[in-house]
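In what follows, a structure is listed as structure tokens, so that the remarks can point back to it.
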Amino acid sequence: MDFIAGCYKYQFTYGCEKIDCCNQYCSNCSKFIYADLSDQEKYLNAQRCAVTHNQTNNLCPDLPYCILHPEHRAQQETFKNFVLKFIVKDLSKERINTKETIEQLRQNFLDFEKFCCILPSNDQPLSIFNSAIDDDLLYDFSSKLSSIPHLNAAVLDVISNASKKLLSQVQIEKYSQLRALLLLFYFPAIIAPSCFSIVLEPLLIMIGNLSKRANQILKNWLSTLPKLFVQIVGASHVAISMYFSMHSHPNPHSTDVSNYLKTLSVYYDVNSLFEKPFSPSIFYNHHINEAINLEEELELKQNHKPSILKTPYVLSIKTKAAICQLESEHFMGIGAYRSFLLNTFGSRSNNDLFLTLRIRRDHLVDDAVTQLSIQNSFSFLKKLRIIFEGEHAIDVGGPSREFLYLVSERLFSPDHGMFVIVNDKYHWFSQCSFEGDRSFFLVGAVVGLAIHNSIVLPIRFPRVIYKRLLTPQNPLTLNDLREIDSQLASSLSAIVDMVNRNEDVSALCLTFSTTIDCFGDKVIVPLVDGMEDVEVCNENVDFYIGSYINFMLVKSIESHFDAFRRGFELSCRTPSYKLLDPAEIDILVSGEEVLDWGALKRGAVYKDGYTAKSRAVKWFWEIFENFSTKQKLMFLKFATGTDRAPVGGLGKMKLVIQRGADYERLPISHTCFNTFTLPDYRSKNVMFEKVMLAIQHTEGFGIV
């Protein structure tokens, strides 16, 4: 009876393993009848239930295996000790005891109930936030196993066996089953081609079809297991590769691929929960990127039919950028055609085929504000064309690029007071800017025009700005705050840790207020109106942290950001930009962060008598390779109109170096075509002097 009483006590305290339990005598049930009782009262009720157990059985059949079979704890400990010794063995010096290893695997893997609870990281019951999975230990163990060829057959056998037993369940109903599902993906044997259709494929489908609650638990667990996350995402890519290899005419819209993409969508949601999310590229699938026709996908999406564009995370940034450009060109064509028709029928309104701005260099910002503010919404669909007053260059890309570059430099300059530099790299809205909404509207319009016209800007925002633009419904987190104030985010995280340790946060003497710096003056402001004197305690600390995040990322910059958003949404009318992840739109606006200068050289083409082996070309690259990073950026801006790399990197620029016959002249550039005209100088020293002089005077000089 003591054993039965112990089971009831556990059930009343921790509950069973059912994800949705309906037994009112189980603490895991939403209608648990003893929910308000003390631990002592629960213990007494456990004793009473044990006495009447034979007449009235209220014990859940799904209590943890180790509770129903306490003798298994010793076997668990034995296996864990074996694993710890196994993973540190130096295979070059020590022989693996194959018989012992296989025996341990069979003892702990063939019995599915035992497999569900192998290698627990803690003694706490499985719950919404506790998977009891040791990510490092399981990864190291599975990696060591897979590195020993003569164990492969045994590992495949036990993993296949566990998989089949899990798949025999109609649906995952227990925490332990969900844990087993994740454990399987640590072992590379799961992607063996021989068991693709009977193991990997149905397991992925199982993940995609989890109940809503099980799905959320899996996301919570997986967001704390980065090594498993990489493995499980990779398994989905393997499944897609298997599909494409098994079909002579693979269809990216097939049911099979749709199932795999449904599973990937679960992982995509998980990625946002990591403290440091993985790059969006972890989801890119080259088979799908190569198989789809962009125009057809756009048409399917526009006609509300199934399209890969509804699962954009599998598309590379190059593909998404191409889709955005395709749609922008489509809108530009519509805008130009509309103006053509209006001109044909004698309309008196401004029916320019382009969004034409006439700009005076010494009144750059004023002219931009004035002329953009009078445009109707339809004008922003057209291609941008810039005419600099007093200059005769025809804008086929160069002047537009230079205009957006220069106006960005002015608006984002610290002297302008609209933006501040945070974390040494990002432009963030100043909380104390005296500029009106009109100026912030212009900034948004400039960023939108840059996307619409495929122009890279010399600025970089924290990604939370794009998160607010693309997915305003998603909650803001400490990860978002960390981008603009890493020290504050760390301090708030430390407060969360205090609460988790049951420490009293009121000892910190915090209130719902903060201090901001307005041009050297310290100003105390409330995080929530009317609550500046409210003290922070354990009961309201979650609200305090949420309020602090909201103040920093929303409330303190609200009017400026709203004006910025209006300008952005007016000028960037391309719906496809919403396919992008915040990290990807950052690259679209600001270019690649890491510049591969070798790619610029490898991608260069030569004209008018020059080849890669020409003396002048060799001299130039020798000079360039000795440039400092700053000088290389100056050259890049001189030759292309921007010192940023486009999507795909510097190699995608296709720098053209053409021969100039007059060796007395300075080099010139045609930024519309990324063309650098380099005279065939008589000496390397002369070339160095001429090139340096040219790149140091880029604005409006030597640029066609």
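The values are calculated or read from the model by the stated rules, or taken from the named source; none is laboratory data. Owing to the predicted nature of the structure, the values given are computational and were not obtained by experimental measurement. For neighbour counting, all protein chains shown are included, and Cβ atoms are generated from backbone atoms with ideal geometry for every residue, glycine included.
If I ask for residues that are assigned to a helix (DSSP H, G or I), of a type in the set (Val, Ile, Thr) and over 20 Å from the mean Cα position of the chain (by Cα), which ones from the stretch 581-627 would you list?
Val617, Ile623
Which residue is nearest to Gly6 (Cα to Cα), if the candidates are limited to the stretch 50-65 and must be modelled with pLDDT under 90 and in contact with a helix residue (DSSP H, G or I) (Cβ under 7 Å, 6 or more places away or on another chain)?
Only one residue fits best here, namely Ala50.
Is there a residue in the stretch 130-137 that is part of a loop (DSSP other than H, G, I, E, B), more than 31 Å from the chain's Cα centre (by Cα), not hydrophobic (A, V, I, L, M, F, W, C) and not assigned by TED's automatic domain parsing to the domain that holds Lys18? I'd like the intermediate steps shown before the answer.
Narrowing the stretch 130-137 to residues part of a loop (DSSP other than H, G, I, E, B): 130-132, 134.
Narrowing further to those that are more than 31 Å from the chain's Cα centre (by Cα): none.
No, that holds for no residue.
Yes or no, residue by residue, for (1) among the aliphatic types (A, V, I, L, M); (2) touching a Cys at 6+ places or on another chain (Cβ under 7 Å); (3) at pLDDT 90 or above:
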| site | (1), (2), (3) |
| --- | --- |
| Thr611 | no, no, yes |
| Glu625 | no, no, yes |
| Thr642 | no, no, no |
| Pro646 | no, no, no |
| Leu655 | yes, no, yes |
| Asp662 | no, no, no |
| Arg665 | no, no, no |
| Phe673 | no, no, no |
| Lys684 | no, no, yes |
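Looking at the stretch 514-554, which of its residues are modelled with pLDDT of 90 or more, under 34 Å from the mean Cα position of the chain (by Cα) and more than 17 Å from Leu481 (Cβ to Cβ)?
Listed by number, the residues that qualify are Pro526, Asp529, Cys537, Asn538, Glu539, Asn540.
With in the same structural domain as Thr263 (by TED's automatic domain parsing), among the hydrophobic types (A, V, I, L, M, F, W, C), part of a helix (DSSP H, G or I) and free of Cβ contacts under 8 Å to residues at least 24 places away in the same chain as the only criterion, which of Ala162, Ala180, Ala235, Ala153 stands out?
Ala153
May I ask you to say which residue of Arg438, Arg460 is in contact (Cβ under 8 Å) with a residue 40 or more places away in the chain, of a type outside the set (A, V, I, L, M, F, W, C) and out of contact with any His (no Cβ under 8 Å at 6 or more places or on another chain)?
Working: Arg460 fails: out of contact with any His (no Cβ under 8 Å at 6 or more places or on another chain).
Unique residue meeting the criteria: Arg438.
For residues that are under 27 Å from Lys318 (Cα atoms) and among the basic types (Lys, Arg), tally how many sit in the stretch 645-694.
Qualifying residue count for the region: 2.
Among the numbered criteria (1) under 24 Å from Gly651 (Cβ atoms); (2) buried (at least 21 other Cβ atoms within 10 Å of the Cβ); (3) not acidic (Asp, Glu), which one does Trp597 miss?
(2)
Specify which of the listed residues (Ser281, Ser272, Ser248) is exposed (fewer than 13 other Cβ atoms within 10 Å of the Cβ), within 13 Å of the chain's Cα centre (by Cα) and farther than 20 Å from Ile205 by Cα. Give the derivation first.
On the way: Ser272 fails: exposed (fewer than 13 other Cβ atoms within 10 Å of the Cβ); Ser248 fails: within 13 Å of the chain's Cα centre (by Cα).
Just one listed residue meets the conditions, Ser281.
Please specify each residue of the stretch 157-177 satisfying the condition of being under 13 Å from Phe115 (Cα atoms) and touching a helix residue (DSSP H, G or I) at 6+ places or on another chain (Cβ under 6 Å).
If the condition is that a residue be under 13 Å from Phe115 (Cα atoms) and touching a helix residue (DSSP H, G or I) at 6+ places or on another chain (Cβ under 6 Å), then Val158, Ile159, Ser160, Ala162, Ser163, Lys165, Leu166, Ser176 are the ones that fit.
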